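Here is the structure we will look at.
The values are calculated or read from the model by the stated rules, or taken from the named source; none is laboratory data. A quick note: this is a predicted structure, and the numbers were derived from the prediction, not measured. Cβ atoms come from the backbone with ideal geometry, glycine included; neighbour counts cover every protein chain shown. Heavy atoms of the whole protein, side chains included, go into the accessibility calculation; ligands, DNA and RNA do not. Shrake-Rupley method; radii C 1.70, N 1.55, O 1.52, S 1.80 Å.
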Amino acid sequence: MTGATVASGPEPIEAPLESAAESPRRRFWRRMFRNPLAVFSMLWFVTLVVSWLAPDVLATHDPFKQDVTLQRLFETPSADHWLGTDQFGRDLYSRVIYGAGFAFRSIFIAMSIAVGVGVPIGLFSGWKGGRVDRAIMWVNDVLFSLPIVLLAMAVIIVLTPSLTNAMIGVGIAMSTRFIRLTRAVTLAEKEELYVDAARITGISTPRILTRYIVPNLLPALVIQAAIISGAIILIGATLSFLGIGANLDDPDWGVMLNRAQSVFRQEGVWQIVPAGMALVLTVLSFNLLGDAIRDALGRDAGNNALTVTKRVEVAPAQTEHAADAVLSIRDMDVEFPGQGGKISEILNGVSLDVRAGETLGVVGESGSGKSMTMLSALGLTPAPGRMTRGSVQFDGRDVTNLSEAEWAKIRGKDIGIIFQEPIAVLNPAIKVGSQIAEPLRIHMGMSKADARKRAAELLAEVRVPDPERRLDQYPHEFSGGMAQRVGIAMALACEPKLLIADEPSTALDVTVQGQILDLISEVQERHQMAVILITHDLGVIAEAADRVLVMYGGQVMETASAHDVFLSPKHPYSRALLETMPQSHDGQGELPVIAGMVPSATAWPTGCRFAPRCGFATDACTSSMPPLERVADPAQGDLVQADLIRCVRHSELGLVGGTA
């Protein structure tokens, strides 16, 4: 038998929102054009650009030409003057069009200084760190605290009043924003492993900054620039309105408002409308454009974040739940919308049971749907995915359609979760004691003193030495193994009925792995909890699990006792997994692997999803999807607690497994 070894590491949650063949650029523009506000912003932006580069194309009159006859002053909109005229008889529409040039000139001057000064300083400060970084940020914070208009006026005082000089001051003030942003991104990116690898290979610092840091900075810079551009236009108009920006005869929007405010009481409010609306729409469009770019560049809602999806009507399950199960799932389907309205089915017909004091091991390759099953069962299907069929029962209660508020009373109290990387889960800014005590105060109603006392007891229970002292330490002061113990303590704080351990030992060394698994087993025995252990490591399954659930392609392939799965697996995929175990290898030749990969949710094969990789597949396997059958022990005869198998040939294969 051939195929891929069970890879270690966190299981990705596959949410096929976009076509795999779609380029990032095409995806960006498709998202932009699907957003009505983005379309409006882009159309307005194009109009402004044309007004700036070729104003004569849109303007109907000379914006500086006055009415020497004094007969056409303060006119309202007409066929000749679309937006009326001002106190000198000049066409307001044409002046608004030419005013776009002053707006873009303001953006160009201020943004060139802000980006040209802010980005290099931010890169240098974030990369250098230490005292240099602190000194730079101290100066930056002082300048950041000063009003932008005040800095612009200071530059005008030193130089001469003009729009160009005013924008120099605005650019200096705005550079503080770009210094902060660039420094923050640089501090984060320089800690990444790919940057360490680049340094190890001898790549120079300037090249690392330009090739490794700046590309990751560009999306944030584009968004920041779009939003700040609106602010620059508004500040420029304010300075011109105050008479210290553009000249009083220029068709600048701020100057037009300055002129209008002195006469609108006598001549009507319309004098304010053209320039005011142009200013409002321009500032609004830049802000909307920045938001749209952020959304278009951002990750999909269906990523690994536990974003709660919109509630939808769920079709009921067709099979009954196990009455004695702490968690029982029946016939669960989960779907995600794809490109062009297509639906991708991530989970199909998933059923499982776990009882008090029992450990259910969930195993399968990455992308098989292990973590997605647990998230969906807990009401945490990542948006825009949705559970479309099935039923979930917890502690005898149907929780399929619970609201988020109702789920909040269960999660953390009756259901605890141990994550793979506790350091990433623990808040680095909060002491460990406070983080353990928080669920105790929320769910158990304990006082602050009682919660702290119980937190110390929990740390002692999970064998953290000197628990009283360590309550006052921060997560970074704990090793990986000790941090995992803290994660276990948090999960056990409210004595849950169900503990879900998602790869709890993968990120730890072998010695610590064994300690963590022993600890979970001891705590389970003490509290008679049900445990669901998600892992890629079949050795962990053999050591810790009572029953095993094998998943592949978003489906349950087999469920049976650990003894039966390891010694007489009924499904070819279970056997293939067992053959990849080093313990099953006789030491002669290469360790077997499973050929191919788990297929994408957008391209499930017809029939059995494992058939393209299965050495036992026949035409019957590819003609239709095999049902998930319940196979009861003849002596027991209980179909509710029976083993599960999804294979049309399971009764004739007589497979033999490895060593448990």
(request) Consider just the alpha-carbon atoms of segment 342-425 and return their Rg together with their Dmax, both in angstrom. (result) 13.7, 42
(request) Mind ranking LEU248, LEU193, LEU289 by accessible surface for me, highest first, 1.4 Å probe? (result) LEU193, LEU248, LEU289
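Where both partners of a DSSP beta bridge lie in the chain, what percent of those bridges are antiparallel, to the nearest 5? Numbers along the way, then the final one.
On the way: 31 of 52 bridges.
So the antiparallel bridges amount to about 60 percent of the total.
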(message) Run the simple label-point estimate for VAL280 and LEU159 please: 7 Å along Cα→C-beta, distance reported in nm.
(response) 3.2 nm
(request) Average the reciprocal distances over every distinct pair of alpha-carbons in the chain, invert the result, and give the Kirkwood radius in Å. (result) 29.8 Å
(message) Students sometimes get this wrong: rank ARG609, ARG134 by accessible area, probe 1.4 Å, all chains present, largest first.
(response) ARG134, ARG609
(message) Please compute the modelled spin-label separation between ASP619 and GLU406, points set 7 Å along Cα→Cβ, answer in nm with one decimal.
(response) 5.0 nm
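Could you tell me which trypsin sites (Lys or Arg not before Pro) in segment 459-494 are loop residues by DSSP with no more than 16 other beta carbons within 10 angstrom of their beta carbon? Working shown, then result.
Numbers: sites: ARG463, ARG469, ARG470, ARG485; in loops: ARG463.
In loop regions of segment 459-494 (DSSP not H, G, I, E or B), the sparsely surrounded trypsin sites (Lys or Arg not before Pro) are ARG463.
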(message) Under a Cβ-only charge scheme (Lys and Arg +1, Asp and Glu -1), can you give me the dipole magnitude of segment 480-625 about the Cα centre, in debye to the nearest 20?
(response) 420 debye
(request) Could you name the lysines whose alpha carbon sits less than 18 Å from that of LYS497, not counting residues in the same chain fewer than 8 places away? (result) LYS409, LYS413
(request) Before rounding to the nearest 500, sum -39500 (n - 2.57) across all DSSP H runs of length at least 4 in the chain and divide by the residue total; then give [θ] at 222 nm in deg cm²/dmol. (result) -14500 deg cm²/dmol
(message) Please give me the summed charge of the neighbours of LEU653: other residues whose Cβ is under 10 Å from its Cβ, Lys and Arg +1, Asp and Glu -1.
(response) +2
(request) With a 1.4 Å probe and every protein chain kept in, tell me what percent of the accessible surface of the chain is carbon plus sulfur. (result) 59 percent
(message) For a test of the definition: using alpha carbon positions, the gyration tensor, and the 1.5 limit on a/c, classify segment 459-583 as rounded, prolate or oblate.
(response) prolate
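Please calculate how many Å² of accessible area segment 111-226 carries per residue, with a 1.4 Å probe and no DNA, RNA or ligand atoms counted.
Working: 5960 Å² over 116 residues.
Roughly 51 Å² per residue, with all protein chains present.
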(request) Search the structure for amide H atoms under 5 Å from the amide H of MET557, placed 1.01 Å from N in the peptide plane, and list their residues when 5 or more places away or on another chain. (result) VAL550, MET551, TYR552
(request) Go through segment 191-203 residue by residue and turn each phi into a ³J(HN,Hα) via Karplus (6.51, -1.76, 1.60, θ = phi - 60°); whole Hz please, and just put x for glycine and proline. (result) 8, 6, 5, 5, 6, 4, 5, 5, 5, 5, 7, x, 5
(message) Only four residue types carry charge here, +1 at the Cβ of Lys and Arg and -1 at the Cβ of Asp and Glu. Report the dipole size of the chain about the Cα centre in Debye, rounded to the nearest 20.
(response) 2060 debye
